[in-house]
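Only one structure is covered here, and it is reproduced in the block below.
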Amino acid sequence: MSNSSSSRSLKLKPEYKKQVKASVTRRGFASQTHLATKLGLSRDVISRFLNGKPVDRLNAEEICDKLGWDVQEVTFFQTSINKQPKTDWGEAADSPNSFEREEEFEILDQWIVKDRCPLVLIEGMAGMGKTNLSYQLAKQIANHFDYVIWRSMDQYQSLEELLDDWLSFLYEQQEIEEVKTTEEKLKQLKQKLESDRCLLILSNIHIALKDFSFIDGYQGCEKLLKLIAKKTNKSCLLITSNVTPNTVNQLERNNQLVRRIEIKSLSVKAIQNIFSSVGSFSASDEDWVKLKEIYWGNWFVLKNVAHNIQRNFDSNITNFFEFGDYVFNGIEQFIEEQLDKLSETEKEVMYWVAIYRHPISLFELRDILSGLFNDQLLNIIKYLKSRFFLESIEEGILVQPPMIREYIIKRLINNITEEIVNNNLFWLNRFPLLLTTAQSRIR
(Lines give C-alpha, C1' and ligand atoms only; values in the text may rest on other atoms or scores of the structure.)
Protein backbone atom coordinates (compact mmCIF):
# COMPACT_ATOMS: atom_id res chain seq x y z
CA MET A 1 0.00 0.00 0.00
CA SER A 2 1.22 3.48 -0.80
CA ASN A 3 2.34 5.87 1.90
CA SER A 4 -0.17 8.42 0.66
CA SER A 5 -3.69 8.83 1.90
CA SER A 6 -4.54 9.87 -1.65
CA SER A 7 -3.98 6.32 -2.94
CA ARG A 8 -6.96 5.28 -0.80
CA SER A 9 -9.08 8.26 -1.87
CA LEU A 10 -11.66 8.75 -4.61
CA LYS A 11 -12.39 11.91 -6.61
CA LEU A 12 -15.53 12.84 -8.50
CA LYS A 13 -14.94 12.87 -12.26
CA PRO A 14 -15.17 16.46 -13.61
CA GLU A 15 -17.80 15.52 -16.20
CA TYR A 16 -20.15 14.26 -13.46
CA LYS A 17 -19.63 17.06 -10.94
CA LYS A 18 -22.63 19.17 -11.98
CA GLN A 19 -25.00 16.19 -12.21
CA VAL A 20 -24.03 14.68 -8.87
CA LYS A 21 -24.34 18.07 -7.16
CA ALA A 22 -27.82 18.51 -8.60
CA SER A 23 -28.88 15.11 -7.29
CA VAL A 24 -28.60 16.37 -3.69
CA THR A 25 -31.86 18.29 -3.93
CA ARG A 26 -33.35 15.87 -6.46
CA ARG A 27 -33.00 13.05 -3.91
CA GLY A 28 -34.88 15.06 -1.30
CA PHE A 29 -32.07 16.65 0.71
CA ALA A 30 -32.57 20.29 1.65
CA SER A 31 -28.84 21.02 1.61
CA GLN A 32 -25.38 19.47 1.79
CA THR A 33 -25.61 19.82 5.57
CA HIS A 34 -28.83 17.79 5.53
CA LEU A 35 -27.12 15.07 3.49
CA ALA A 36 -24.12 15.10 5.85
CA THR A 37 -26.41 14.64 8.86
CA LYS A 38 -28.20 11.70 7.28
CA LEU A 39 -24.89 9.98 6.48
CA GLY A 40 -23.24 10.79 9.80
CA LEU A 41 -20.44 12.64 8.00
CA SER A 42 -19.18 16.20 8.35
CA ARG A 43 -20.35 18.83 5.87
CA ASP A 44 -16.69 19.35 4.95
CA VAL A 45 -16.46 15.78 3.59
CA ILE A 46 -19.62 16.26 1.50
CA SER A 47 -18.40 19.60 0.15
CA ARG A 48 -14.95 18.24 -0.71
CA PHE A 49 -16.40 15.33 -2.63
CA LEU A 50 -18.99 17.35 -4.57
CA ASN A 51 -16.30 19.88 -5.54
CA GLY A 52 -14.04 17.21 -6.98
CA LYS A 53 -11.57 16.90 -4.12
CA PRO A 54 -10.33 13.50 -2.88
CA VAL A 55 -12.14 11.88 0.04
CA ASP A 56 -11.84 8.50 1.68
CA ARG A 57 -13.06 5.68 -0.58
CA LEU A 58 -15.67 4.43 1.90
CA ASN A 59 -17.07 7.94 2.38
CA ALA A 60 -17.31 8.37 -1.39
CA GLU A 61 -19.17 5.07 -1.67
CA GLU A 62 -21.67 6.14 1.01
CA ILE A 63 -22.33 9.49 -0.69
CA CYS A 64 -22.79 7.97 -4.14
CA ASP A 65 -25.10 5.28 -2.79
CA LYS A 66 -27.26 7.88 -1.03
CA LEU A 67 -27.45 10.03 -4.17
CA GLY A 68 -28.21 7.11 -6.46
CA TRP A 69 -24.95 6.99 -8.41
CA ASP A 70 -22.63 4.10 -9.29
CA VAL A 71 -19.39 4.98 -7.52
CA GLN A 72 -17.27 3.17 -10.10
CA GLU A 73 -18.87 5.17 -12.90
CA VAL A 74 -18.57 8.67 -11.46
CA THR A 75 -15.29 8.52 -9.49
CA PHE A 76 -11.65 7.63 -9.98
CA PHE A 77 -8.75 6.87 -7.66
CA GLN A 78 -6.49 9.79 -6.82
CA THR A 79 -2.95 9.23 -8.07
CA SER A 80 -0.48 8.44 -5.29
CA ILE A 81 1.92 11.24 -4.41
CA ASN A 82 3.92 9.33 -1.73
CA LYS A 83 3.13 11.86 0.94
CA GLN A 84 4.63 11.14 4.35
CA PRO A 85 2.35 11.39 7.40
CA LYS A 86 2.72 14.24 9.83
CA THR A 87 3.84 12.80 13.17
CA ASP A 88 4.37 13.98 16.74
CA TRP A 89 5.69 11.30 19.08
CA GLY A 90 5.88 13.45 22.22
CA GLU A 91 7.43 11.63 25.18
CA ALA A 92 7.10 8.29 23.39
CA ALA A 93 10.25 9.13 21.46
CA ASP A 94 12.12 8.11 24.62
CA SER A 95 10.64 4.60 24.62
CA PRO A 96 13.13 1.72 24.37
CA ASN A 97 13.55 0.06 21.00
CA SER A 98 13.35 -3.55 22.18
CA PHE A 99 10.17 -5.33 21.18
CA GLU A 100 8.88 -8.58 22.66
CA ARG A 101 5.18 -8.61 21.73
CA GLU A 102 5.02 -10.02 18.20
CA GLU A 103 1.68 -11.81 18.67
CA GLU A 104 -0.08 -8.76 20.13
CA PHE A 105 1.54 -6.59 17.47
CA GLU A 106 0.04 -8.68 14.66
CA ILE A 107 -3.43 -8.61 16.24
CA LEU A 108 -3.37 -4.83 16.69
CA ASP A 109 -2.06 -4.29 13.16
CA GLN A 110 -4.98 -6.35 11.84
CA TRP A 111 -7.53 -4.41 13.89
CA ILE A 112 -6.28 -0.91 13.13
CA VAL A 113 -4.99 -1.13 9.55
CA LYS A 114 -7.07 -3.88 7.96
CA ASP A 115 -10.29 -3.90 10.01
CA ARG A 116 -10.19 -0.11 10.54
CA CYS A 117 -11.37 -0.25 14.14
CA PRO A 118 -12.07 3.27 15.43
CA LEU A 119 -11.32 2.55 19.10
CA VAL A 120 -8.78 0.05 20.46
CA LEU A 121 -7.68 -0.47 24.08
CA ILE A 122 -4.40 -2.07 25.20
CA GLU A 123 -4.95 -3.21 28.79
CA GLY A 124 -2.59 -4.76 31.31
CA MET A 125 -0.76 -4.54 34.62
CA ALA A 126 1.69 -1.67 35.08
CA GLY A 127 5.08 -2.59 33.67
CA MET A 128 3.80 -5.08 31.09
CA GLY A 129 5.01 -2.92 28.19
CA LYS A 130 1.77 -1.30 27.00
CA THR A 131 3.40 2.05 26.28
CA ASN A 132 6.29 0.47 24.42
CA LEU A 133 3.91 -1.69 22.39
CA SER A 134 1.72 1.27 21.41
CA TYR A 135 4.77 3.27 20.32
CA GLN A 136 6.41 0.48 18.32
CA LEU A 137 3.09 -0.35 16.66
CA ALA A 138 2.33 3.27 15.78
CA LYS A 139 5.77 3.72 14.20
CA GLN A 140 5.23 0.61 12.09
CA ILE A 141 1.77 1.55 10.78
CA ALA A 142 2.21 5.34 10.61
CA ASN A 143 2.34 5.40 6.80
CA HIS A 144 -1.26 4.22 6.64
CA PHE A 145 -2.33 7.56 8.15
CA ASP A 146 -2.18 11.27 7.37
CA TYR A 147 -1.59 12.31 10.99
CA VAL A 148 -0.12 10.39 13.93
CA ILE A 149 0.15 11.86 17.43
CA TRP A 150 1.22 10.07 20.66
CA ARG A 151 0.36 11.55 24.04
CA SER A 152 0.10 10.40 27.67
CA MET A 153 -2.84 11.37 29.87
CA ASP A 154 -0.50 12.37 32.71
CA GLN A 155 0.53 15.41 30.64
CA TYR A 156 -2.90 17.02 31.05
CA GLN A 157 -4.98 18.39 33.91
CA SER A 158 -8.22 18.14 31.94
CA LEU A 159 -9.77 16.87 28.73
CA GLU A 160 -9.83 20.45 27.39
CA GLU A 161 -6.03 20.64 27.53
CA LEU A 162 -5.77 17.37 25.61
CA LEU A 163 -8.25 18.51 22.95
CA ASP A 164 -6.43 21.83 22.51
CA ASP A 165 -3.17 19.94 21.95
CA TRP A 166 -4.72 17.52 19.46
CA LEU A 167 -6.51 20.26 17.50
CA SER A 168 -3.38 22.40 17.33
CA PHE A 169 -1.48 19.48 15.81
CA LEU A 170 -4.19 18.24 13.47
CA TYR A 171 -5.13 21.60 11.99
CA GLU A 172 -1.50 22.76 11.69
CA GLN A 173 -1.41 26.36 10.44
CA GLN A 174 -5.00 26.34 9.20
CA GLU A 175 -7.28 29.01 10.51
CA ILE A 176 -10.10 27.39 12.43
CA GLU A 177 -12.91 28.95 14.36
CA GLU A 178 -11.86 29.63 17.95
CA VAL A 179 -14.07 27.63 20.27
CA LYS A 180 -14.25 27.44 24.04
CA THR A 181 -16.58 24.63 25.09
CA THR A 182 -15.76 20.93 25.17
CA GLU A 183 -18.70 20.22 22.86
CA GLU A 184 -17.36 22.61 20.22
CA LYS A 185 -13.86 21.18 20.46
CA LEU A 186 -15.19 17.65 20.08
CA LYS A 187 -17.11 18.78 17.00
CA GLN A 188 -13.93 20.19 15.43
CA LEU A 189 -12.07 16.98 16.25
CA LYS A 190 -14.85 14.90 14.70
CA GLN A 191 -14.66 16.88 11.46
CA LYS A 192 -10.91 16.33 11.18
CA LEU A 193 -11.12 12.62 11.97
CA GLU A 194 -13.67 12.25 9.17
CA SER A 195 -11.85 14.30 6.54
CA ASP A 196 -8.39 12.78 7.16
CA ARG A 197 -7.11 9.44 8.39
CA CYS A 198 -5.69 10.12 11.84
CA LEU A 199 -4.10 7.84 14.43
CA LEU A 200 -4.35 9.22 17.97
CA ILE A 201 -2.47 7.31 20.67
CA LEU A 202 -3.36 8.14 24.28
CA SER A 203 -1.38 6.29 26.94
CA ASN A 204 -2.19 5.85 30.65
CA ILE A 205 -5.86 6.75 30.44
CA HIS A 206 -6.36 5.08 33.85
CA ILE A 207 -4.94 8.26 35.40
CA ALA A 208 -8.31 9.90 34.65
CA LEU A 209 -10.33 7.03 36.18
CA LYS A 210 -11.72 6.16 39.59
CA ASP A 211 -13.83 3.03 40.02
CA PHE A 212 -13.76 2.61 36.22
CA SER A 213 -15.40 6.03 35.60
CA PHE A 214 -13.84 9.35 34.59
CA ILE A 215 -13.07 11.82 37.39
CA ASP A 216 -13.67 15.58 37.56
CA GLY A 217 -12.01 17.38 34.68
CA TYR A 218 -12.18 14.31 32.45
CA GLN A 219 -15.91 13.46 32.35
CA GLY A 220 -15.99 14.57 28.72
CA CYS A 221 -13.77 11.58 27.90
CA GLU A 222 -16.92 9.46 27.82
CA LYS A 223 -18.30 11.63 25.00
CA LEU A 224 -14.91 11.53 23.26
CA LEU A 225 -14.84 7.72 23.26
CA LYS A 226 -18.45 7.48 22.08
CA LEU A 227 -17.84 10.03 19.33
CA ILE A 228 -14.84 8.14 17.97
CA ALA A 229 -16.54 4.75 18.26
CA LYS A 230 -19.50 5.98 16.19
CA LYS A 231 -17.49 6.85 13.11
CA THR A 232 -15.83 3.79 11.64
CA ASN A 233 -13.38 3.06 8.80
CA LYS A 234 -11.45 6.33 8.91
CA SER A 235 -9.43 7.33 11.98
CA CYS A 236 -8.46 5.44 15.13
CA LEU A 237 -7.93 6.21 18.81
CA LEU A 238 -5.53 3.73 20.44
CA ILE A 239 -5.53 3.93 24.25
CA THR A 240 -3.57 2.12 26.97
CA SER A 241 -4.73 1.58 30.53
CA ASN A 242 -4.25 -0.54 33.65
CA VAL A 243 -8.04 -0.96 33.83
CA THR A 244 -10.92 -0.88 31.37
CA PRO A 245 -13.17 2.20 31.58
CA ASN A 246 -16.89 1.45 31.94
CA THR A 247 -17.47 3.38 28.71
CA VAL A 248 -15.20 1.04 26.73
CA ASN A 249 -16.96 -2.00 28.19
CA GLN A 250 -20.32 -0.61 27.06
CA LEU A 251 -19.07 0.33 23.59
CA GLU A 252 -17.37 -3.04 23.14
CA ARG A 253 -20.65 -4.85 23.78
CA ASN A 254 -22.52 -2.80 21.18
CA ASN A 255 -19.89 -2.25 18.48
CA GLN A 256 -17.85 -5.06 16.95
CA LEU A 257 -15.19 -2.59 15.83
CA VAL A 258 -14.45 -1.41 19.38
CA ARG A 259 -11.85 -3.88 20.61
CA ARG A 260 -9.63 -4.59 23.58
CA ILE A 261 -6.49 -6.67 24.00
CA GLU A 262 -5.08 -7.75 27.36
CA ILE A 263 -1.29 -7.79 27.63
CA LYS A 264 -0.32 -10.90 29.54
CA SER A 265 2.87 -12.62 30.66
CA LEU A 266 5.83 -12.62 28.30
CA SER A 267 6.98 -15.96 26.94
CA VAL A 268 10.19 -17.61 28.13
CA LYS A 269 11.77 -16.80 24.77
CA ALA A 270 10.83 -13.13 25.13
CA ILE A 271 12.29 -13.09 28.66
CA GLN A 272 15.53 -14.55 27.33
CA ASN A 273 15.61 -11.78 24.72
CA ILE A 274 15.20 -9.15 27.45
CA PHE A 275 18.12 -10.61 29.40
CA SER A 276 20.21 -10.85 26.21
CA SER A 277 19.70 -7.12 25.67
CA VAL A 278 21.32 -6.56 29.08
CA GLY A 279 24.19 -9.06 28.73
CA SER A 280 25.16 -12.73 28.79
CA PHE A 281 23.65 -14.86 31.58
CA SER A 282 24.17 -18.35 32.97
CA ALA A 283 20.93 -20.24 33.69
CA SER A 284 19.21 -23.62 33.48
CA ASP A 285 15.96 -24.19 31.59
CA GLU A 286 14.18 -24.33 34.96
CA ASP A 287 15.60 -20.92 35.88
CA TRP A 288 13.99 -19.27 32.85
CA VAL A 289 10.62 -20.83 33.64
CA LYS A 290 10.95 -19.72 37.27
CA LEU A 291 11.65 -16.13 36.18
CA LYS A 292 8.43 -16.17 34.18
CA GLU A 293 6.39 -17.61 37.07
CA ILE A 294 7.70 -15.36 39.85
CA TYR A 295 7.67 -12.09 37.93
CA TRP A 296 4.56 -12.86 35.90
CA GLY A 297 6.36 -12.08 32.67
CA ASN A 298 6.36 -8.37 33.56
CA TRP A 299 8.57 -6.49 31.09
CA PHE A 300 9.58 -3.62 33.41
CA VAL A 301 10.28 -5.87 36.41
CA LEU A 302 12.30 -8.38 34.38
CA LYS A 303 14.52 -5.59 33.08
CA ASN A 304 15.26 -4.64 36.69
CA VAL A 305 15.85 -8.28 37.65
CA ALA A 306 18.32 -8.72 34.78
CA HIS A 307 20.36 -5.69 35.85
CA ASN A 308 20.29 -6.82 39.50
CA ILE A 309 21.55 -10.33 38.64
CA GLN A 310 24.24 -8.90 36.38
CA ARG A 311 25.40 -6.46 39.06
CA ASN A 312 25.16 -8.61 42.21
CA PHE A 313 25.34 -12.25 41.08
CA ASP A 314 27.87 -12.16 38.23
CA SER A 315 25.06 -12.79 35.72
CA ASN A 316 24.31 -16.20 37.28
CA ILE A 317 20.53 -16.65 37.55
CA THR A 318 20.84 -19.92 39.53
CA ASN A 319 22.85 -18.15 42.24
CA PHE A 320 20.23 -15.40 42.37
CA PHE A 321 17.49 -17.93 43.12
CA GLU A 322 19.63 -19.74 45.69
CA PHE A 323 20.15 -16.44 47.52
CA GLY A 324 16.37 -16.18 47.80
CA ASP A 325 15.71 -12.42 47.82
CA TYR A 326 13.36 -12.21 44.84
CA VAL A 327 11.91 -8.80 45.69
CA PHE A 328 14.78 -6.34 46.03
CA ASN A 329 14.79 -2.55 46.34
CA GLY A 330 13.97 -1.55 42.74
CA ILE A 331 11.03 -3.95 42.51
CA GLU A 332 9.81 -3.12 46.03
CA GLN A 333 9.39 0.50 45.04
CA PHE A 334 7.50 -0.45 41.86
CA ILE A 335 5.08 -2.76 43.72
CA GLU A 336 4.64 -0.33 46.60
CA GLU A 337 3.59 2.41 44.17
CA GLN A 338 0.88 0.10 42.80
CA LEU A 339 -0.39 -1.07 46.21
CA ASP A 340 -0.42 2.44 47.69
CA LYS A 341 -3.22 3.31 45.27
CA LEU A 342 -5.50 0.75 46.96
CA SER A 343 -7.91 1.47 49.81
CA GLU A 344 -7.20 0.00 53.25
CA THR A 345 -9.87 -2.66 52.77
CA GLU A 346 -8.44 -3.63 49.38
CA LYS A 347 -4.98 -3.89 50.95
CA GLU A 348 -6.38 -6.13 53.69
CA VAL A 349 -7.77 -8.51 51.07
CA MET A 350 -4.35 -8.57 49.41
CA TYR A 351 -2.65 -9.39 52.73
CA TRP A 352 -4.98 -12.29 53.48
CA VAL A 353 -4.53 -13.83 50.04
CA ALA A 354 -0.74 -13.53 50.46
CA ILE A 355 -0.53 -15.19 53.89
CA TYR A 356 -2.94 -18.01 53.08
CA ARG A 357 -1.23 -21.35 52.57
CA HIS A 358 -2.90 -22.28 49.27
CA PRO A 359 -4.86 -20.55 46.51
CA ILE A 360 -7.88 -19.20 48.35
CA SER A 361 -11.53 -19.62 47.47
CA LEU A 362 -14.06 -16.83 47.48
CA PHE A 363 -15.92 -18.53 50.34
CA GLU A 364 -12.78 -18.90 52.47
CA LEU A 365 -11.99 -15.25 51.93
CA ARG A 366 -15.55 -14.30 52.88
CA ASP A 367 -15.25 -16.25 56.16
CA ILE A 368 -11.99 -14.48 57.03
CA LEU A 369 -13.34 -11.02 56.16
CA SER A 370 -16.63 -11.50 57.96
CA GLY A 371 -16.98 -7.75 58.53
CA LEU A 372 -17.57 -7.15 54.82
CA PHE A 373 -20.90 -7.53 53.06
CA ASN A 374 -20.90 -9.99 50.18
CA ASP A 375 -21.39 -7.29 47.54
CA GLN A 376 -18.50 -5.27 49.03
CA LEU A 377 -16.17 -8.25 48.81
CA LEU A 378 -17.25 -9.07 45.26
CA ASN A 379 -16.66 -5.48 44.14
CA ILE A 380 -13.21 -5.43 45.76
CA ILE A 381 -12.24 -8.70 44.08
CA LYS A 382 -13.54 -7.42 40.75
CA TYR A 383 -11.40 -4.30 41.11
CA LEU A 384 -8.26 -6.18 42.21
CA LYS A 385 -8.64 -8.57 39.27
CA SER A 386 -9.06 -5.63 36.90
CA ARG A 387 -5.75 -4.25 38.22
CA PHE A 388 -4.18 -7.71 37.77
CA PHE A 389 -3.45 -8.00 41.51
CA LEU A 390 -5.57 -11.16 41.68
CA GLU A 391 -6.26 -13.88 39.16
CA SER A 392 -8.78 -16.71 39.02
CA ILE A 393 -7.02 -20.00 38.29
CA GLU A 394 -10.42 -21.69 38.21
CA GLU A 395 -13.94 -20.62 39.09
CA GLY A 396 -13.97 -19.01 42.54
CA ILE A 397 -10.28 -19.77 43.29
CA LEU A 398 -7.94 -16.77 43.61
CA VAL A 399 -4.16 -16.36 43.47
CA GLN A 400 -1.74 -13.43 43.39
CA PRO A 401 1.18 -12.75 41.07
CA PRO A 402 4.11 -14.36 42.94
CA MET A 403 6.20 -11.16 42.95
CA ILE A 404 3.37 -9.28 44.69
CA ARG A 405 2.87 -12.10 47.18
CA GLU A 406 6.60 -12.15 47.92
CA TYR A 407 6.59 -8.40 48.51
CA ILE A 408 3.61 -8.55 50.88
CA ILE A 409 5.09 -11.46 52.84
CA LYS A 410 8.40 -9.64 53.13
CA ARG A 411 6.67 -6.50 54.39
CA LEU A 412 4.59 -8.51 56.88
CA ILE A 413 7.67 -10.22 58.30
CA ASN A 414 9.48 -6.88 58.65
CA ASN A 415 6.46 -5.22 60.31
CA ILE A 416 5.87 -8.06 62.77
CA THR A 417 9.57 -8.36 63.64
CA GLU A 418 9.66 -4.66 64.40
CA GLU A 419 6.51 -4.98 66.52
CA ILE A 420 7.96 -7.78 68.62
CA VAL A 421 11.05 -5.69 69.31
CA ASN A 422 8.90 -2.69 70.28
CA ASN A 423 6.28 -4.78 72.13
CA ASN A 424 3.49 -3.46 69.91
CA LEU A 425 1.51 -6.30 68.32
CA PHE A 426 -0.86 -4.47 65.96
CA TRP A 427 -0.01 -6.50 62.84
CA LEU A 428 0.16 -9.81 64.69
CA ASN A 429 -3.24 -9.21 66.27
CA ARG A 430 -4.72 -8.05 62.97
CA PHE A 431 -3.63 -11.21 61.15
CA PRO A 432 -3.79 -14.01 63.78
CA LEU A 433 -3.90 -16.73 61.12
CA LEU A 434 -0.21 -16.08 60.58
CA LEU A 435 0.37 -18.59 63.37
CA THR A 436 -1.90 -21.35 62.02
CA THR A 437 -2.64 -21.30 58.30
CA ALA A 438 0.22 -19.28 56.87
CA GLN A 439 2.95 -20.76 54.74
CA SER A 440 5.57 -22.51 56.87
CA ARG A 441 8.36 -20.08 56.05
CA ILE A 442 6.25 -17.15 57.36
CA ARG A 443 5.55 -19.01 60.62
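The values are calculated or read from the model by the stated rules, or taken from the named source; none is laboratory data. These numbers were taken from a predicted model, which means no experiment stands behind them. Positions of Cβ are backbone-derived with ideal geometry, glycine not excepted, and every protein chain shown enters the neighbour counts.
Data overview
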| quantity | calculated |
| --- | --- |
| The one condition in (1) among the aromatic types (Phe, Trp, Tyr); (2) touching an Asp or Glu at 6+ places or on another chain (Cβ under 9 Å); (3) touching a residue at least 60 places away in the same chain (Cβ under 8 Å); (4) not in a loop (DSSP other than H, G, I, E, B) that PHE334 fails to fulfil | (2) |
| 2 or more residues modelled with pLDDT of 80 or more and outside the structural domain of ASN246 (by TED's automatic domain parsing): qualifying helices (runs of 4 or more DSSP H) within the range 367-443 | 374-386, 402-422 |
| Conditions (1) of a type outside the set (A, V, I, L, M, F, W, C); (2) closer than 24 Å to ILE380 by Cα; (3) in contact (Cβ under 8 Å) with a residue 60 or more places away in the chain: number failed by GLU222 | (3) |
| Cross-chain or 6+ apart pairs with Cβ under 7 Å, the range 292-315 first and in contact (Cβ under 8 Å) with a residue 12 or more places away in the chain, then acidic (Asp, Glu) and crowded, with 21+ Cβ neighbours inside 10 Å | TRP299/GLU100 |
| Filter pass, LEU238 being assigned to a strand (DSSP E or B) and either crowded, with 18+ Cβ neighbours inside 10 Å or at negative phi (or both) | yes |
| Matching entry among ALA22, ALA36, ALA30 (being of a type in the set (Gly, Ala, Ser), within 24 Å of LYS226 (Cα to Cα) and outside the structural domain of CYS198 (by TED's automatic domain parsing)) | ALA36 |
| Enumerated strands (runs of 3 or more DSSP E) restricted to the range 1-116, each holding at least 3 residues that are at pLDDT 85 or above and more than 30 Å from MET128 (Cβ to Cβ) | 9-12 |
| Failed item in (1) outside the structural domain of VAL305 (by TED's automatic domain parsing); (2) in a loop (DSSP other than H, G, I, E, B), with SER280 passing the rest | (1) |
| Any hit, the range 238-254, residues being in contact with an Asp or Glu (Cβ under 7 Å, 6 or more places away or on another chain) and either without any contact (Cβ under 8 Å) to a residue 60 or more places away in the chain or not assigned by TED's automatic domain parsing to the domain that holds ARG151 (or both) | yes |
| The range 262-293 - residue that is surrounded by 18 or more Cβ atoms within 10 Å (Cβ to Cβ) and in contact with an Asp or Glu (Cβ under 7 Å, 6 or more places away or on another chain) and, of those, farthest from VAL120 (Cα to Cα) | ILE274 |
| Residue within the range 207-225 that is in the same structural domain as GLU104 (by TED's automatic domain parsing), surrounded by 15 or more Cβ atoms within 10 Å (Cβ to Cβ) and of a type in the set (Gly, Ala, Ser) present | yes |
| Selected residue (only one of LEU193, LEU163, LEU186 is farther than 25 Å from ARG253 by Cα, more than 18 Å from the chain's Cα centre (by Cα) and in a helix (DSSP H, G or I)) | LEU163 |
| Hey, GLN157 in contact (Cβ under 8 Å) with a residue 12 or more places away in the chain, surrounded by fewer than 18 Cβ atoms within 10 Å (Cβ to Cβ), outside any helix (DSSP H, G or I) and in the same structural domain as LYS226 (by TED's automatic domain parsing) or not | yes |
